[in-house]
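One structure below.
The values are calculated or read from the model by the stated rules, or taken from the named source; none is laboratory data. Quick caveat, the model's predicted, so the values are computed rather than measured. Please note: Cβ atoms are built from the backbone with ideal geometry, for glycine as well, and neighbour counts cover all protein chains shown. The protein model used for the area step is the full one, side chains on, heavy atoms only, and it has no ligands, DNA or RNA in it. Shrake-Rupley method; radii C 1.70, N 1.55, O 1.52, S 1.80 Å.
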Amino acid sequence: MNRIFVREQEEEEYRTVKSRCKIGVMGMGNGVGTSFLATAMAKELAKERKRYVTYLEINRNENKTFLYDSLGMDKRFAGRTFVDFYDETTKGKSIAGMVNLDERINWALCVPDQKAAIPKKSLEPIELCRMINNITGDHILCDITWCNGLEQILKEMDVLIFVMDPMPSKLIKEYENLCFMKRCQLSGQKIIWVVNKYNGGVNKREFYDFVRVKQFIKVPFILPEEMYLAEYNCRIPYSLKSVNAVLNQPIRQILDRCPI
């Protein structure tokens with residue numbers, strides 16, 4: 001038969017490959033913009049159709065808001081199932097092949113307790129490592145919160161982006177975390193140092209003298225109204241044209257230093 005087939009819509013494909021790049025993004029403390037930068041990196045990586053990007057939240061603490069809520073995952077996945085990877089891992093199930101695909105990103109997020117199928121419990125470091133190494137995707141962006149067994153988790157990363165806020169009070173409060181990260185670098189961990197919220201009020205000399213990091217990437221301060229606009233519209237801030245115009249260059253600088 002002389003039949004003609006026309007594909008109406010290009011299907012999204014997702015796969016697991018043997019060679020994967022695991023990128024850890026970690027903040028010096030709470031509120032420095034770790035998830036803000038990590039989602040921007042995921043969005044930029046996902047532009048390349050040959051890349052299969054997964055965004056994986058590694059633990060969270062009580063003082064941190066849910067990315068699930070800020071991105072409006074309940075709205076994005078209305079009418080379809082959102083896989084709770086923590087739930088599946090707790091049950092001992094294999095997560096290979098499972099995806100929450102939206103904007104060409106596989107979202108593996110911590111789900112708020114009231115929206116979860118079962119009460120949440122903290123996963124052991126070995127369970128988190130198993131999740132990192134078995135989740136579908138070839139570029140795994142791990143949004144890491146300080147937690148027990150952190151060193152074991154960091155060893156799984158091919159590269160670590162460490163995010164700092166130049167506000168003096170935050171630098172002083174989290175100084176021990178900065179020292180910890182420097183020890184990781186001395187032990188062989190590849191680290192990309194990033195200063196978020198960089199602005200004209202930063203005293204460059206005092207900042208340099210305090211952190212004593214030779215090379216770092218500056219990410220400009222983004223006005224709060226941009227963040228509110230993105231969240232009220234359930235969007236990744238980086239997807240706003242005004243934010244992308246400011247962030248594209250530093251985000252590309254970060255990614256260019258990653259082994260991708």
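Quick one: 3J(HN,Hα) in Hz for the stretch 158-164, Karplus 6.51/-1.76/1.60 with θ = phi - 60°, rounded, Gly and Pro as x.
Once θ is set to phi - 60°, the couplings for the stretch 158-164 become 6, 8, 10, 9, 9, 9, 10 Hz.
Across 10 Å bins from 0, what is the distribution of all Cα-Cα pair distances for the chain, in whole percents?
The distribution over the chain is 6, 30, 36, 20, 5, 2, 1, 0, given as percents.
Using helices alone, I'd like the mean residue ellipticity at 222 nm for the chain: each DSSP H run of four-plus residues gives -39500 (n - 2.57), total over residue count, nearest 500.
Result for the chain: -9500 deg cm²/dmol, rounded to the nearest 500.
Please give the solvent-accessible surface of Lys204 in Å², to the nearest 10, using a probe radius of 1.4 Å with every protein chain present.
For Lys204, solvent-accessible area is about 100 Å².
Amide H neighbours of Ile217 under 5 Å, counting only residues 5+ apart in sequence or on other chains, H built in-plane at 1.01 Å?
The answer is Trp193, Val194, Val195.
Cα-Cα over 24 Å: which of Lys170/Lys197; Lys173/Lys197; Lys22/Lys173; Lys64/Lys241; Lys155/Lys241?
Check vs 24 Å cut-off fails for Lys22/Lys173; Lys64/Lys241; Lys155/Lys241.
Place +1 on the Cβ of every Lys and Arg and -1 on the Cβ of every Asp and Glu in the stretch 21-256, take the dipole about the Cα centre, and give the residue among Ser187, Leu109, Leu128 whose Cα lies farthest towards its positive end.
So the residue furthest toward the plus end is Ser187.
Per-residue HN-Hα couplings for the stretch 68-77, Karplus 6.51 cos²θ - 1.76 cosθ + 1.60 at θ = phi - 60°, whole Hz, x for Gly and Pro?
My calculation for the stretch 68-77 gives 3, 6, 5, 8, x, 5, 5, 7, 5, 9 Hz in order.
If I ignore ligands, DNA and RNA and count only protein heavy atoms, how much of Ser35 is accessible to a 1.4 Å probe, in Å² to the nearest 10?
The accessible area of Ser35 comes to roughly 20 Å².
Once amide H atoms are built 1.01 Å from N in the peptide plane, which residues 5 or more positions from Thr145, or in another chain, come under 5 Å H to H?
Answer set, sorted by chain and number: Ile58.
Name the shape class, rounded, prolate or oblate, that the alpha-carbon gyration tensor gives for the stretch 53-206, where a ≥ b ≥ c are the square roots of its eigenvalues, rounded holds for a/c under 1.5, and otherwise prolate holds if a/b is larger than b/c and oblate otherwise.
Prolate is the answer for the stretch 53-206, as a/c is 1.5 or above and a/b outweighs b/c.
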